[in-house]
Amino acid sequence: MSRLGNLGARLYRGEVGYDFIRNRKIWYGVSILITITAVIGVAVGGLNMGIEFKGGAVFTTDTKAKISTAQATEVATDASGHLAIVQELGNGGLRIQITEVDTAKANEIKETLSDELGIPANDINADLVGPSWGEQIANKAWTGLGVFMILVVVYLAIAFEWRMAVAALIALIHDITITVGVYALVGFEVTPGTVIGLLTILGYSLYDTVVVFDSLKEGQKDITKQTRYTYSEIANRSINSTLVRSINTTVVALLPVAGLLFIGGGVLGAGMLNDISLSLFVGLAAGAYSSIFIATPLVADLKERDPQMKALKKRVLAKRAAAAARGESPEDDGPAFRQDDEGAETAGAVVGQRQQPRGHGRTPGKR
């Protein structure tokens, strides 16, 4: 078995682990800092909305044209009075995009491009895009997002409980905010492809979250009938048991997206691939982070406010204190216990730590 597979098996059995819940304030702080940065980026820099949302004209030159992108950009910008975006097509032609121009201006720009670049007017195709079409796309995207969020909350509240539904909703909003903020900071163009990417990442993010929630649901059965673990410790064990699975799923999903973004968009210069690949890449990474570091710790925080869970925690800590007073080790079928900030023992050994032998002070191997 590979090292990662062996680690995954040990995490699943509870032999080793990392205390995600105990360090939840760190994760919350990191997320708040990233979210604030994203919001500031959107508020200050704004989003670079594509022609589909602003409206404008797209000129496509003939494949025989031997014009550099720099030359075409200069000519188109001077002719229109707006910054032109020029992309080289795979067939050798050019795609010249200019926002906020009407039909009369588009015809004028076409004639200027023909004269200045030495291309026959018949070899330049001009397509006008109205801003109303982009507005319809945006409205439908918001409607789809709202319906999706409502259905997610209803489903999770029925399949699990309302606390998990609230935590999953916060995690989804967290992922969308970060992704949108990255677009504002890097200045990538927002197109319908971006909207598709944003809606797609919601499914991936929710998948990882539901996997952990399902493990947590199984682990909390008859939780009030035992005195070994608090709810937070069971939540922590659920994260660790699905940790390697979440990592593997995320890495496998990120690899092809990274190929689109860095090779297709960066090396090969296929700029249109950036529209969807950046949103997928950032969203997948943020979704994996939120499912582990945000969603489940939030559930634990909400659940620990429940009177039954408060009573359970008191019983667990009282039992451990009594065992410590007698000089005995608390019985545990998982990772070794360790002291937390309040002096209470909590389950969750650091990855790589050897599990402590069981018994009440007996030497291993002797009866």
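The values are calculated or read from the model by the stated rules, or taken from the named source; none is laboratory data. Predicted model only: the values in this text are computed from it and were never measured. No Cβ is skipped: glycine too gets one built from the backbone with ideal geometry, and neighbour counts run over all protein chains shown. Note: areas computed on protein heavy atoms with side chains; ligands, DNA, RNA excluded. Shrake-Rupley method; radii C 1.70, N 1.55, O 1.52, S 1.80 Å.
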Counted residues, the range 122-134 - those being surrounded by 14 or more Cβ atoms within 10 Å (Cβ to Cβ) and touching a Phe, Trp or Tyr at 6+ places or on another chain (Cβ under 8 Å): 4
Members of the range 187-209 found to be surrounded by 17 or more Cβ atoms within 10 Å (Cβ to Cβ), of a type in the set (Phe, Trp, Tyr) and assigned to a helix (DSSP H, G or I), listed by number: Tyr204
Residue match in the range 189-205 (condition: within 29 Å of Gly46 (Cα to Cα), among the acidic types (Asp, Glu), touching a residue at least 60 places away in the same chain (Cβ under 8 Å) and in contact with a strand residue (DSSP E or B) (Cβ under 8 Å, 6 or more places away or on another chain)): yes
Residue among Ile109, Ile96, Ile67 that alone is modelled with pLDDT under 80, in contact with a helix residue (DSSP H, G or I) (Cβ under 9 Å, 6 or more places away or on another chain) and of a type in the set (Val, Ile, Thr): Ile67
Filter result for the condition that a residue is closer than 22 Å to Leu302 by Cβ and of a type in the set (Val, Ile, Thr), over Val147, Val129, Val166, Val195: Val166
Which numbered condition Ala347 misses (of (1) crowded, with 19+ Cβ neighbours inside 10 Å; (2) touching a Ser or Thr at 6+ places or on another chain (Cβ under 8 Å); (3) at pLDDT below 80): (2)
Unique residue being touching a residue at least 60 places away in the same chain (Cβ under 8 Å) and open to solvent by 10 Å² or more (accessible area, probe 1.4 Å) when the list is Gly45, Gly56, Gly29: Gly45
Meets criteria (over 20 Å from the mean Cα position of the chain (by Cα) and either closer than 28 Å to Gly29 by Cα or modelled with pLDDT of 85 or more (or both)) for Ala235: yes
Residue match in the range 163-185 (condition: under 24 Å from Arg24 (Cα atoms) and of a type in the set (Ser, Thr, Tyr)): yes
For Val212: the one exception among (1) closer than 25 Å to Val182 by Cβ; (2) without any contact (Cβ under 8 Å) to a residue 60 or more places away in the chain; (3) crowded, with 23+ Cβ neighbours inside 10 Å: (2)
Hey, Arg367 at pLDDT 50 or above, open to solvent by 70 Å² or more (accessible area, probe 1.4 Å) and more than 33 Å from the chain's Cα centre (by Cα) or not: no
Filtered residue count, the range 132-183, keeping only those that are farther than 21 Å from Asn48 by Cα and either more than 20 Å from the chain's Cα centre (by Cα) or of a type in the set (Phe, Trp, Tyr) (or both): 11
Residues of the range 282-308 classified as surrounded by fewer than 19 Cβ atoms within 10 Å (Cβ to Cβ) and within 17 Å of Ser238 (Cα to Cα), total: 3
Residue ID - least open to solvent (accessible area, probe 1.4 Å), chosen from residues in the range 107-121 that are out of contact with any Ser or Thr (no Cβ under 9 Å at 6 or more places or on another chain) and assigned to a helix (DSSP H, G or I): Ser114
Set Ala157, Ala168: member being crowded, with 21+ Cβ neighbours inside 10 Å and under 20 Å from Ser290 (Cα atoms): Ala168
Test: Gly144 is at pLDDT 90 or above, assigned to a helix (DSSP H, G or I) and open to solvent by less than 50 Å² (accessible area, probe 1.4 Å): no
Members of the range 40-81 that are under 14 Å from Thr112 (Cα atoms) and outside any strand (DSSP E or B): Thr61, Gln71, Ala72, Thr73, Glu74, Val75, Ala76, Thr77, Asp78, Ala79, Ser80, Gly81
